[in-house]
Amino acid sequence: MFTYADSIKPDGHSITTYLENLLAKRYQIPTFQRDVVWEKENVKKLWDSIYKFYPLGSILIWKTNTKLESHREIGGIKFADDFNSNEYQYILDGQQRTTSLLTSIYGGNIAKNGNFNPTLYIDLTIELTDATDDTSYAKRFLFWDEIDDRNGQLKANISKKKRYEGKLIVSLIDIIKNYVEIERNLHALGYGDFENPYMQQLRRIREALYNYKISFIELRGIEVAEVCQIFERINQAGKPLIPHSAGQLRKKIIFSTRSTKKLENPLPFMG
């Protein structure tokens, strides 16, 4: 029996599980969402919070049998073809974080950022100075343009390029896919002791990737009008999820639903 307690339910998934589900097309991002605002500094701070196991805001998921127009890709990564389902899972709040997490690990491209590579790397040599260290993250988490020395032309990057070539700067995707090999490299370099700070850094980021729980709030059995009201209430003290009022949002959802139905049941050509 479906009850009110079932309509709004908290949940949690690891980063790797969430992104795997996203790539498996188990979530969709409706097109009425606001544009992604992606900034290097904010992405690094996001990962620093995860690295420290600080809590993040919840991702809001609407589970419904209503089909909406959805984005076919996020961060340049194709993840949702047009398909029919008995239940859709729409990401209503959390698109920014989702884009940052997905592109940090799987690469892709960011709109309005040209050929910039959003893949994120971690420098295993950068340690936390203390529990309140709020600056080292900028050197710990790096993008490729902060590592590539362009054959020695960028002097500021020469030492980082050497650490990258020496296997001391590694990508997040490599930690997921090639963790054992990275461990072996550290052993071969003489850093294999369990208490070695480089090994500790490696274990810590791996633990975050697999054990940090992203908080989800799932809405189920809730109609459009109530979804809009939830939007409005959870954002009263903060920045709106999208640059529209609740009334405009409702119109957009209804229009999206109607547009989808038109595509599914096109009228015969009466030329």
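The values are calculated or read from the model by the stated rules, or taken from the named source; none is laboratory data. Bear in mind the structure is a predicted one, so any value in this text is a computation, not a measurement. All Cβ positions, glycine included, derive from the backbone under ideal geometry; neighbour counts span all protein chains shown.
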message = Take the conditions modelled with pLDDT of 95 or more and either among the aromatic types (Phe, Trp, Tyr) or more than 15 Å from ILE15 (Cβ to Cβ) (or both) and apply them to GLU207. Does it pass?
response = no
query = Name the pairs whose Cβ atoms lie under 7 Å apart, with the first residue in the stretch 38-67 and more than 23 Å from ASN109 (Cβ to Cβ), the second part of a loop (DSSP other than H, G, I, E, B) and modelled with pLDDT of 95 or more, and 6 or more positions between them or separate chains?
reply = PHE53/TYR212
query = Restricting to the stretch 143-172, what's the tally of residues that are among the β-branched types (Val, Ile, Thr) and out of contact with any Phe, Trp or Tyr (no Cβ under 6 Å at 6 or more places or on another chain)?
reply = 2
task = Among the residues of the stretch 38-55, write down those that are within 12 Å of the chain's Cα centre (by Cα) and in a loop (DSSP other than H, G, I, E, B).
result = TRP38
request  = Please work out if ASN115 is free of Cβ contacts under 8 Å to residues at least 60 places away in the same chain and under 23 Å from LEU209 (Cβ atoms).
outcome  = no
inquiry  = On the basis of being more than 16 Å from the chain's Cα centre (by Cα) and either over 20 Å from GLU20 (Cα atoms) or among the small types (Gly, Ala, Ser) (or both), does GLU69 make the cut?
reply    = yes
inquiry  = Condition first: modelled with pLDDT of 95 or more and buried (at least 19 other Cβ atoms within 10 Å of the Cβ). Now tell me which residues in the stretch 107-122 satisfy that.
reply    = LEU120, TYR121, ILE122
inquiry  = Looking at the stretch 208-219, can you tell me whether even one residue there is without any contact (Cβ under 8 Å) to a residue 12 or more places away in the chain and surrounded by fewer than 16 Cβ atoms within 10 Å (Cβ to Cβ)?
reply    = no
request  = Name the single residue, out of those in the stretch 1-21 being modelled with pLDDT under 90 and among the aliphatic types (A, V, I, L, M), that is surrounded by the most Cβ atoms within 10 Å (Cβ to Cβ).
outcome  = ILE8
message = Looking for something over 24 Å from the mean Cα position of the chain (by Cα) and not acidic (Asp, Glu) - is there at least one such residue anywhere in the stretch 134-147?
response = no
remark   = Reported set for the stretch 180-199 where residues are loosely packed, with under 14 Cβ neighbours inside 10 Å, under 14 Å from THR125 (Cα atoms) and out of contact with any Gly (no Cβ under 9 Å at 6 or more places or on another chain) is GLY190, GLU195
query = Can you tell me which residue in the stretch 149-165 is nearest to THR125 (Cα to Cα), limited to those that are of a type outside the set (A, V, I, L, M) and outside any helix (DSSP H, G or I)?
reply = ASP149
message = Restricting to the stretch 15-37, name every residue that is in contact with a Phe, Trp or Tyr (Cβ under 7 Å, 6 or more places away or on another chain), part of a helix (DSSP H, G or I) and touching a residue at least 12 places away in the same chain (Cβ under 8 Å).
response = ILE15, THR16, LEU22, LEU23
key: The one condition in (1) at pLDDT 85 or above; (2) of a type outside the set (Val, Ile, Thr); (3) surrounded by 18 or more Cβ atoms within 10 Å (Cβ to Cβ); (4) in contact with a strand residue (DSSP E or B) (Cβ under 7 Å, 6 or more places away or on another chain) that LEU68 fails to fulfil   = (1)
